Every structure is written in structure tokens, then in C-alpha cells.
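Written below as C-alpha cells is the structure these notes are about.
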Amino acid sequence: MTDAPAELIERLKAHNQSHVLTGWNALGTAQRASFAAQLSAIDFRELEQHFAQAKKPVEPPQSGHVAPLPVAPAVASPHERALGEEALRRGEVAGLIVAGGQGSRLGFEKPKGMYPVGPVSGATLFQVHAEKILAVSRRYGKPVPFLVMTSPATDVETRAYFRDNLFFGLAESDVIFFEQGTMPAVCSRTGRLLLEAPGKLALSPNGHGGTITALAERGVLRELQRRGVKHVYYFQVDNPLLKICDAGFVGQHVAARSEASSKVVFKERPEEKVGVFALIDGKCGMIEYSDLPKELAGVRDADGQLTYRAGNPAIHLFTVEFLDRITSTGGLAYHVARKAVPHFDPEAGKPIDPAGELNGLKFERFIFDALPLAERWLAVETSRAEEFAPLKNATGADSPATVRDAQIALHSGWLSAAGVPTHKHPIEISPLFALDADELKRKLPGGFRVTGPTYLE
Ligand code: UTP
């Protein structure tokens, strides 16, 4: 017999989740209160729907409904660039970093943003991104609000890290932290809730797409509207290479009156594991690597390029109006992922190690599901070498070594373009020294030479 509140017992019974109350009587007062709060936050109907959906096979888009997405060239026209610069000078652009992920593949014990990626300086991902935001603010003479999405897994450490580092030179009031929502993990066979420990649900962040609802629910959209911000530049914590709020892209987005604009890196091989943009039923959409029908993945244009080559580096620019509109219609759909979830079995009274078995289901929203909701959209080409080097794994592809090499290659290229040979020494350029090759060329002192590992700051 449990002495949990009667209402809670009834609610859990009605949804076949009573197992979580086994062991309730052994919980302390504070544990009971927090557990009851976790349970009351769950919409069980919705959870049941997600579980039912997980059993159905995902329908990949049918070839008849799919066409390649037109992609604009990388270089903005002078008029577009001027529009972007004006928007930045008026303070109409904010940067949004999503940093709520658990970084399980990298296996780093802190939030991924605290990983040191600077090839010479050892600067962390957060430092590199914050310095870019600061450099853009200085260039255009207006603060760029920096929105930092965390999750329960990363929030406390992330905030403390920024505070300890004096917000990397940004005004504290311009760094706006907000926490994303979570979803409970369930057993993949039964749909029953999994516990992380006695009296504690196994919760995980609800995906990068959770940012849109979180922006609204945490009052950030309202704050942006109060500040006169019209565009939100979305990027992910793991990519130190990307440009942030670059005037060319902002201007192309403004000129096209786009609601959702995305950068694109071209795929060269059909088997590259990157999602591709496509027109799906006439709307801009994303097809995940594993869902792209084989007959489409390998098709090539007359010039030999892959027809479906518009790869997704996860860099988007949304209007605040668009974000506001989609939150008022309930947010994005959930995707299901099968994962090995270590948990505590309350009935057996012991922890369970799944030993690699995909015993659990997790539910996540994906940011690119926002794209088909846009009335007007834009895709703009960029190059992998200039903008895409994500840190995902501890070794191999997309690992610290590849991310380091990509930064050195980019920055060495800027120096070479300025006429300075690097003699293969590691080179790193702080965003506060130069944001691009042109700025570097202007700022380099005359007669500058590279004689060893070099960090320009
Ligand atoms: P990934 O999907 O690569 O996940 O996130 P991850 O957490 O970094 O790594 P794994 O899969 O556990 O190894 C891409 C971006 O989306 C953010 C991440 O922080 C990263 O910037 N993200 C992901 C969130 O902000 N919240 C989430 O719930 C999931």
C-alpha cells in the first residue's frame, strides 16, 4: 500500500504507470514533493500518442512529392550586404546558441560548450562563439543579444562558466540564458516511465527544436520584441567554424523577406551522413540522411553534381514574427529515438544496465521541422571549409582532431590570402582580432611573419 496522494494514484493507474509509486513510502518529504511535481507535469495522453507513433514505421517522403531546393549563391550583392549591415546597426539581430544537448557521443563530463577547441589558445566553444558575438557588436556599434539555451543537464554549469569568465566581455544584460523543456524516457516495449533513481524520472532535453517553445514560454520572445529585435540567428554549440550574424546572409534573408533562411553545404558523395534540404510538397523541408530514398540520394545533374546535395549545417535565421506565430500553434512535432537508457527498476528495487540494448524511447523536437511552416524561405550556399566543423565524437570523424585541423586550415588560408606564409605552423585567429580574411588583412601589422604556433588576439 502506498501513501501517495489519492489523486496521483488514480491518475497513474488510469495510464498504466502505477509502477513508479513502488517505493514511494521510503522517499523523504522533499523527494516526494519533487517526484509528485515531475509526475504532475506529464501529459500522459500526449505521451501515449508518442508511444503509439513510435510503433509505426516512419514514412519517408515519396519521390513524387520531392524536388531539389533552389539554393542562392554564397556571395551577397552589395545591396543585400547593405541591408544586412543596416539591420545589425539598428540592433535588429540576436544570436541564439542551442547548448542543452547531453553530448553523449563526445563523452566530455562538462557542457559541450566548455570543451577547449582553440588549436593554439585552448579557447572553449563558448568563448569562440561569445567573442564572435562581441566582435559583431563592436563592428556595427550595437549590442547583439546572445540567447543561450541550456537544459537541466547543462544550465547551472553554463551560467557559472559565463559568470566566472565575465561573460567574455559582453554586457551581462545582453546574455540571456533560458532553459529548454524535458521529456520523460519510456520503456520501448511497454511505454512505461523509466526512473533515473528512486523518486526521480529519467528525463532528457526535448531536442534542439524545443528552443522555439522555450523562447516563448521563458519570455525571451517578448524580451526580443521589447528590444526591437526582428531576426534570430540560430546555431549549435558544437561548430566553432561558423560565421555568426554575418551581414551578407542577414541581408539576403532581409531582401528575400524570408521568414526562415538556412545555410547549405553541398554534399559530394551520396553516402555522406548529413540531412538534405528539399522541396517537399512545394515547401522547404529537410530529409534526414537515413530517410532519403536511395533512388534520390545518388541522382546527379547534367554537370555531375548530386541533385540532392543541399546538406544541412544547422545554421538558420528566423524572423521573430515567424517564431512567435509557430509557438502560438503548439510548437513542433516530436520524433522518437531508440536509446540504451540505464535506469532504476522500482519493482525489482535495483538499477538496470541495458548493456547496449535499446531499451528506451526518448522524444525530441528538431529545429528543421520549423522550415515547412514558413511562408517564405531562403537557402544560401556556404562552404564546409569556411563554416562547418562540428564536434560530435571523441575520435574519428567530427572529433577534436578534425575540428582543430579545420580551424587551422581556415585561419592559415586567411593569412596566406594576406600574403603571409604559415610554414605549416598551427594558426588561430581570435574573432576579436578578425572575423574574416578581409579584416585580418587590414589589421595585420606590416612585415608580420609566422615563426611558430600563432594566436592572433
Ligand atoms: P546533437 O544532436 O549533436 O546532440 O545536438 P548532442 O547533445 O550535442 O550530442 P549527442 O547526440 O548526445 O552525442 C546538436 C545541437 O543541438 C543542441 C546541442 O547542444 C547541440 O548544440 N541540443 C540538442 C539542444 O540544445 N537540446 C537538445 O535537447 C538536443
One quarter of the convex hull surface, Cα atoms only: what value does that give for segment 1-88 in nm²? 12.9 nm²
Simple spin-label model, 7 Å along Cα-to-Cβ: Lys56 to Arg139 in nm? 4.6 nm
Once the piece of chain linking Arg376 and Thr2 is laid out straight, how much longer is it, given 0.36 nm per residue of separation minus the C-alpha distance between them? 129.1 nm
Restrict the search to segment 378-457; then list the trypsin sites (Lys or Arg not before Pro) that DSSP places in a loop and that have at most 14 other Cβ atoms within 10 Å of their Cβ. Lys424, Arg449
Expected vector for segment 280-290, Karplus 3J(HN,Hα) from phi with 6.51, -1.76, 1.60 and θ = phi - 60°, integer Hz, x for Gly and Pro, equals 10, 6, x, 10, 5, x, 10, 10, 5, 3, 6
What FRET efficiency comes out for Arg449 versus Glu46 if R0 is 60 angstrom and r is the Cβ-Cβ distance? Round to the nearest 0.05. 0.45
List the DSSP H helices in the chain whose Cα atoms stretch 24 Å or more along the helix axis and whose mean Kyte-Doolittle hydropathy is at least -1.0. 400-417
Which loop GluC sites (Glu not before Pro) in segment 359-413, with loop taken from DSSP, have no more than 11 other Cβ atoms within 10 angstrom of their Cβ? Glu375
Extension length gain for Ser63 and Ser104 (0.36 nm per residue less Cα distance), in nm, is 11.4 nm
Take every Cα pair under 8 Å in segment 265-342 that's 6+ residues apart, average their separations, divide by the length, and report that relative contact order as a whole percent. 30 percent
Over segment 168-249, consider all pairs of different Cα atoms and compute the Kirkwood hydrodynamic radius from their mean reciprocal separation; express it in Å, one decimal. 16.0 Å
Computed magnitude of the charge dipole of segment 278-416 (debye, nearest 20; Cβ of K, R +1, Cβ of D, E -1): 140 debye
Strictly over 29 Å apart at the Cα level, which of Lys230/Lys443; Lys283/Lys339; Lys110/Lys243; Lys243/Lys443; Lys56/Lys243; Lys243/Lys424 would you flag in this model? Lys230/Lys443; Lys283/Lys339; Lys56/Lys243
Do any trypsin sites (Lys or Arg not before Pro) in segment 34-90 lie in a loop, going by DSSP, with at most 13 other beta-carbon atoms within 10 Å of their beta carbon, and if so which? Arg90
Given a cut-off of under 8 Å on Cα pairs at least six residues apart, what relative contact order in percent is computed for segment 232-368? 25 percent
Global size of segment 47-131 as Cα Rg and Dmax, reported in angstrom: 21.0, 53
Solvent exposure of segment 263-391 as accessible area per residue, Å², 1.4 Å probe: 46 Å²
Under a point spin-label approximation (7 Å from Cα along Cα-to-Cβ), what is the Ala340-Ser383 distance to one decimal in nm? 4.1 nm
Whole-percent carbon and sulfur contribution to the accessible surface of segment 378-454 (1.4 Å, no ligands, DNA or RNA) stands at 55 percent
How are the Cα pair distances of the chain distributed, in percent, across 20 Å bins from 0? 22, 54, 22, 2, 0
Relative contact order (%) - criterion: Cα under 8 Å, at least six apart; region: the chain: 21 percent
Helix-only [θ]222 nm of the chain, DSSP H runs n ≥ 4, -39500 (n - 2.57) each, per residue, nearest 500: -8500 deg cm²/dmol
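The values are calculated or read from the model by the stated rules, or taken from the named source; none is laboratory data. Note that this is a predicted model, so its numbers are computed, not measured. When we count neighbours, we look across all protein chains shown, and the Cβ atoms used for this are built from the backbone with ideal geometry, even at glycine. Ligands, DNA and RNA are stripped out before the accessible areas are found, and what is left, the full protein with its side chains, is counted by its heavy atoms. Shrake-Rupley method; radii C 1.70, N 1.55, O 1.52, S 1.80 Å.
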